[in-house]
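The values are calculated or read from the model by the stated rules, or taken from the named source; none is laboratory data. This one's a predicted model, so the numbers in the text were calculated from it and none came from an experiment. Reconstructed Cβ throughout: ideal geometry from the backbone, glycine too, with neighbour counts over all protein chains shown.
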Amino acid sequence: MTDISYDFTGRTALVTGSGSGIGRATALALGAVGANVAVADISATAGAETVELIRAAGGTAEFFPVDVADFASVEAMVAAVVARFGGLDIAHNNAGVEGEHVPLGDIRTDDWKRVIDIDLNAVYYCIKAEVAVMAERGGGSIINTSSVSGLIAGYNLGAYTAAKHGVIGLTKSAAIDHAKDGIRVNAICPGLIDTPFIHELPQIALDRIMLGTPMSRLGQPGEIAKGVLWLASSGSSYVTGTALSIDGGTVALSAGTNFNDLDL
Amino acid sequence: MNVSYDFSGRTAFITGAGSGIGRASAIAFGAAGADVAVSDIAEPGGLETVELIRAAGGTAEFFQLDVADAAAIRRTVSAIVERFGRLDIAHNNAGVLPPPARFGDIAEADWRRVLDVNLDGVYHCVQAELGVMVPAGRGAIVNTASAAGLFVGYQQSAYTVSKHALIGLTRQAAVDHAKDGIRVNAICPGAVDTPFVPGPPPPKAIFDRLMLGVPAKRMASADEIAAAVLWLASDAASYVNGVALPVDAGLTILSAGSDFSDLDL
């Protein structure tokens, strides 16, 4: 499908967690439209693979190792990106983890802290480092990966849900405080995305997930990347502080009203 | 702009396209190659939009329409399909703004008129559009809601009510017709520099107060709102359905009373 095209030539885009999934899809999409792509991930192997994919398609990319839960590491990453590409225009703060799938009261304290560190504190560290260099250049666009779990709650996802709700609050605050610096800050809220993890679920669980998805299919990582590119582009010049659902209708639906599969 | 579209071979229907956001949207679709069905209750404004699209090399036709008239909507959609052979995109945008009134003072005639145009009008448009899009197995509908669909301003009368309800309508249509291959979304413009509010521009004190609620301290151009409509209508938004997208520079997320920047503290 090609009814939209972008030209990000001369712009530098940083994508955290771009060794796989949504981050990789975004990095590839940004590379394909001419951006200099800073591929950041905790895994050097996965990140290097994304870099190779971008270069093989004729794009410009470089790997930057990062542990987003460590502010010093985030600062070093942003400094290295600026040193390599001369500045920073677009940042997709995407790295995240899901945590244990257990009821809230059973979440281990250290797992709670790990999820909040990686999914929430890290986004703050990234924004803090990014706005500093973007403001110098007169502006930029930041896109944080939240989730439908930033808007609604699913069972047994307590720490993730809290962190992703927090990312939306963080997005709004950053958008307001840095509007005058010419920086736009938005969040995307992906629904259930087609990743290897999903395919490990039994069919009956997948069917149940689809009960809550009006479009009756999983999203592709590339469809989320498309939301990120638009929010990074001048097409969204008056859009800031939003949490954009890319979820096939999931958050609009009260799933218990879906009787399609019942023999009534 | 670092984003561009190619809607060649697709037909886009825009209501309220004789001015403001609707005109900007119609012109943008025309520039991106769509066949544009320009509709408005006012013929002069609509014809002017058609001329602007044609002058830029695009294809457009005017369809006079009062969206408060359900039968006229059905006739218009049929006429569009007859003229262009298809309907792929609809931007239900026509709306009216009632005179300011505290809730208890809203005149019933104002209430009826606003709901008739801003809510019932979109209901009839979406139904007529689905009548063409569902058999085709695809379509993208974008409704113009408003920041007033998400929060409330003083004395906005039935406008706020109509736009909140329009978001409900959008979500309901999205959920019920997702399996038909139709996506239905809304945009929620904030302060836009258009002639929607009749009369002379507001005095500076009022403008400054309005901007107290806008972190970027500027109004949107109509083109910036149209830019969001095009994206939601495009295949780039293929997994986006049932959303109410603010295009408001932060208006609806700001607790404006927290802005002390103009105070001498």
Residues of the stretch B:76-119 satisfying the condition of being under 17 Å from B:LEU65 (Cα atoms) and charged (D, E, K, R): B:GLU82, B:ARG83, B:ARG113, B:ASP116
Whichever residue in the stretch B:205-232 is under 30 Å from B:VAL36 (Cβ atoms) and acidic (Asp, Glu) and, among such residues, is surrounded by the most Cβ atoms within 10 Å (Cβ to Cβ): B:GLU224
Answer from A:ARG217, A:ARG184 - the residue that is within 12 Å of chain B (Cβ to nearest Cβ), more than 21 Å from A:GLY139 (Cα to Cα) and either in contact with a Gly (Cβ under 7 Å, 6 or more places away or on another chain) or buried (at least 22 other Cβ atoms within 10 Å of the Cβ) (or both): A:ARG217
The stretch A:222-258, residues that are surrounded by 24 or more Cβ atoms within 10 Å (Cβ to Cβ), of a type in the set (Val, Ile, Thr) and closer than 16 Å to B:ALA173 by Cβ: A:THR250
Among (1) surrounded by 24 or more Cβ atoms within 10 Å (Cβ to Cβ); (2) in contact with a helix residue (DSSP H, G or I) (Cβ under 6 Å, 6 or more places away or on another chain), the one test that B:ILE80 misses: (2)
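Filter the stretch A:12-26 down to residues that are surrounded by 24 or more Cβ atoms within 10 Å (Cβ to Cβ), within 14 Å of chain B (Cβ to nearest Cβ) and not β-branched (Val, Ile, Thr), then give me how many there are. Show your work before the answer.
We begin by selecting, within the stretch A:12-26, every residue surrounded by 24 or more Cβ atoms within 10 Å (Cβ to Cβ); these are A:12-19, A:22-24, A:26.
Now drop any that are not within 14 Å of chain B (Cβ to nearest Cβ), which leaves A:12-13, A:22, A:26.
Among the residues that remain, those that are also not β-branched (Val, Ile, Thr) are: A:13.
Of the residues in that region, 1 qualify.
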Any chance A:LEU229 is part of a helix (DSSP H, G or I), within 9 Å of chain B (Cβ to nearest Cβ) and hydrophobic (A, V, I, L, M, F, W, C): yes
Looking only at the stretch B:170-204, and only at residues there that are part of a helix (DSSP H, G or I) and surrounded by fewer than 20 Cβ atoms within 10 Å (Cβ to Cβ), the one that is nearest to the other protein chains (Cβ to nearest Cβ): B:LYS179
Criterion violated by A:GLY34 - all others in (1) on the phi > 0 side of the Ramachandran plot; (2) surrounded by fewer than 17 Cβ atoms within 10 Å (Cβ to Cβ); (3) within 14 Å of chain B (Cβ to nearest Cβ) satisfied: (2)
Residue among B:GLY46, B:GLY18 that alone is buried (at least 24 other Cβ atoms within 10 Å of the Cβ), assigned to a helix (DSSP H, G or I) and under 16 Å from the mean Cα position of the chain (by Cα): B:GLY46
Output for the stretch B:218-250, where each listed residue is hydroxyl-bearing (Ser, Thr, Tyr) and either within 7 Å of another protein chain (Cβ to nearest Cβ) or in contact with a helix residue (DSSP H, G or I) (Cβ under 7 Å, 6 or more places away or on another chain) (or both): B:SER234, B:SER238, B:TYR239
Residue in the stretch B:195-207 that is touching a residue at least 24 places away in the same chain (Cβ under 8 Å) and aliphatic (A, V, I, L, M) present: yes
Search result, residues across the stretch A:37-55 that are closer than 24 Å to B:SER4 by Cβ and either within 14 Å of chain B (Cβ to nearest Cβ) or not in a strand (DSSP E or B) (or both): A:ILE54
Only listed residue being in contact (Cβ under 8 Å) with a residue 60 or more places away in the chain and either surrounded by 24 or more Cβ atoms within 10 Å (Cβ to Cβ) or of a type outside the set (A, V, I, L, M, F, W, C) (or both), chosen from A:ALA29, A:ALA61: A:ALA29
Condition met for B:VAL142 (more than 9 Å from chain A (Cβ to nearest Cβ), within 14 Å of the chain's Cα centre (by Cα) and buried (at least 24 other Cβ atoms within 10 Å of the Cβ)): yes
Residue count, the stretch A:173-220 (criterion: touching a strand residue (DSSP E or B) at 6+ places or on another chain (Cβ under 6 Å), in contact (Cβ under 8 Å) with a residue 40 or more places away in the chain and either part of a helix (DSSP H, G or I) or over 30 Å from A:ALA135 (Cα atoms) (or both)): 4
Candidate set from the stretch A:77-131 (those that are of a type in the set (S, T, N, Q) and over 21 Å from A:ALA225 (Cα atoms)); member that is farthest from the chain's Cα centre (by Cα): A:THR109
Index of the failed condition, B:ALA24 passing every other in (1) within 14 Å of chain A (Cβ to nearest Cβ); (2) in a loop (DSSP other than H, G, I, E, B); (3) modelled with pLDDT of 95 or more: (2)
For A:THR9: the one exception among (1) in a loop (DSSP other than H, G, I, E, B); (2) over 18 Å from the mean Cα position of the chain (by Cα); (3) surrounded by 16 or more Cβ atoms within 10 Å (Cβ to Cβ); (4) among the polar types (S, T, N, Q): (3)
Matching option when the condition is touching a residue at least 40 places away in the same chain (Cβ under 8 Å) and touching a Phe, Trp or Tyr at 6+ places or on another chain (Cβ under 7 Å), among A:ALA13, A:ALA95, A:ALA35, A:ALA91: A:ALA35
Some residue of the stretch A:19-31 being over 21 Å from A:PRO196 (Cα atoms) and not in a loop (DSSP other than H, G, I, E, B): yes
